[in-house]
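Down below is the structure, laid out as structure tokens.
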Amino acid sequence: NAGVTQTPKFQVLKTGQSMTLQCAQDMNHEYMSWYRQDPGMGLRLIHYSVGAGITDQGEVPNGYNVSRSTTEDFPLRLLSAAPSQTSVYFCASSYGVGHYTFGSGTRLTVV
Amino acid sequence: QQPVQSPQAVILREGEDAVINCSSSKALYSVHWYRQKHGEAPVFLMILLKGGEQKGHEKISASFNEKKQQSSLYLTASQLSYSGTYFCGTGVSSNTGKLIFGQGTTLQVKP
């Protein structure tokens, strides 16, 4: 099992560009979430999903879109990148209210 | 909405004990504990569900006081490998994928 796979690992964007961060899991987990991590701020929830076709907003959803067309994939879209979106992004999945498995993260820099 | 962790940072010598606290203003169903090493993804330690149970994992254990909406993580006879940042994550029901994390507690264990 690969677990939770995030791509790319590193990305530099220019202000105003759009991009999609990919997240895939092969554990048949129902729940998937996206977090961003900034120094001193902990892990902040962007969007989450409890199953295919179902998504909801977290603590900091502005500027991000998600969709969940399959159980395995949960991509995060940045619509128009801003320097404030410079962060490390983690995708995580779990089977119900169980322990979350995190991907290795995507380090995004917006210049 | 974000749970509050205390202390923010702690420095220990090998063999010493530490307690990390997590407090929420919301009624909780679950409390999760994770440890993150620098440059790595968070790793699951344990989950506590409504009912006030205490759990253990090697020399690391935790308790959950659902009446006070508080959880504590106990690290006994600390080892160098315990160094890292500890996060508590809180969930308010059994059927939500919404896990909100605290800001983290940085633990440094010195020889």
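Set the Förster radius R0 to 22 Å, insert the Cβ-Cβ distance between B:Asn65 and B:Ser94 as r into 1/(1 + (r/R0)^6), and round the FRET efficiency to 0.05.
On the way: r = 19 Å, r/R0 = 0.85.
With R0 = 22 Å, the Cβ-Cβ based efficiency is 0.75.
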Gaussian network model of chain A, springs between alpha carbon atoms under 10 Å - residue of A:Gly51, A:Gly42, A:Gly16 with greatest fluctuation: A:Gly42
Computed FRET value (nearest 0.05) for A:Gln57 with B:Leu49, which takes r as the C-beta separation and R₀ as 22 Å: 0.30
Cα centre as origin, Lys/Arg/Asp/Glu Cβ charges: the range A:20-83 dipole, Debye: 220 debye
Farthest positive-ward along chain B dipole, Cα basis, beta-carbon charges - from B:Leu49, B:Asn21, B:Gln79: B:Leu49
Charge-dipole axis of chain B as Lys and Arg at +1 and Asp and Glu at -1 on Cβ define it, positive-most pick from B:Asn95, B:Trp33, B:Gln5: B:Asn95
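For peptide A:98-105, compute the average count of partner chain beta-carbon atoms within 10 Å of each residue's beta-carbon.
Working: counts 4, 9, 9, 4, 7, 1, 3, 4.
Counting Cβ atoms of other protein chains within 10 Å of each residue's Cβ and averaging gives 5.
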Relative contact order computed over the range B:58-111 (Cα-Cα under 8 Å; 6+ residues apart), in percent: 31 percent
Surface share of carbon and sulfur [accessible, 1.4 angstrom probe, percent] for the protein assembly as shown: 49 percent
Shielding of A:37-43 by partner chains, average beta-carbon count, 10 Å: 6
Partner chain coverage, peptide B:37-48 - average Cβ within 10 angstrom: 4
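Quick check: residue separation of A:Glu30 and A:Asn65 times 0.36 nm, minus the Cα distance between them. What number comes out in nm?
Values: separation 35, 0.36 × 35 = 12.60 nm, distance 1.89 nm.
Extending this stretch completely gives an extra 10.7 nm.
I need to check one value: relative contact order of chain A, counting alpha carbon pairs closer than 8 Å and at least 6 residues apart, in percent. Walk me through the numbers on the way to the answer.
Values: 294 pairs, mean separation 39.9, N = 111.
It comes to 36 percent, rounded to a whole number.
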Virtual spin-label span in nm between B:Glu40 and B:Ala9, 7 Å along Cα→Cβ: 2.1 nm
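Taking the Cα centre of chain B as origin, sum charge times position over the Cβ atoms of Lys and Arg (+1) and Asp and Glu (-1), and report the length of that vector in debye to the nearest 20.
Working: 11 positive and 7 negative charges, 52 e Å.
In total the dipole reaches around 240 debye.
Quick one: buried accessible area between A and B, total over both chains, 1.4 angstrom probe, nearest 100 Å²? Numbers along the way, then the final one.
On the way: alone 5810 and 6180 Å², together 10270 Å².
Chains A and B together bury approximately 1700 Å².
Suppose we keep just the DSSP beta bridges with both residues in chain B; what percent of those would be antiparallel, to 5? Present the calculation step by step, with values, prior to reporting the outcome.
Working: 36 of 41 bridges.
So the antiparallel bridges amount to about 90 percent of the total.
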Overall dimensions of the protein assembly as shown as given by Cα atoms, namely Rg and Dmax in Å: 17.3, 51
For the range A:46-94 and the range B:21-42, distance of Cα centres in Å: 20 Å
Cα pair count fraction exceeding 16 Å, expressed as % - chain B: 55 percent
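The values are calculated or read from the model by the stated rules, or taken from the named source; none is laboratory data. Please read these numbers as outputs of a predicted model, since none were measured by experiment. When we count neighbours, we look across all protein chains shown, and the Cβ atoms used for this are built from the backbone with ideal geometry, even at glycine. Remember, those area values only see protein heavy atoms, side chains included, never the ligands or the DNA or RNA. Shrake-Rupley method; radii C 1.70, N 1.55, O 1.52, S 1.80 Å.
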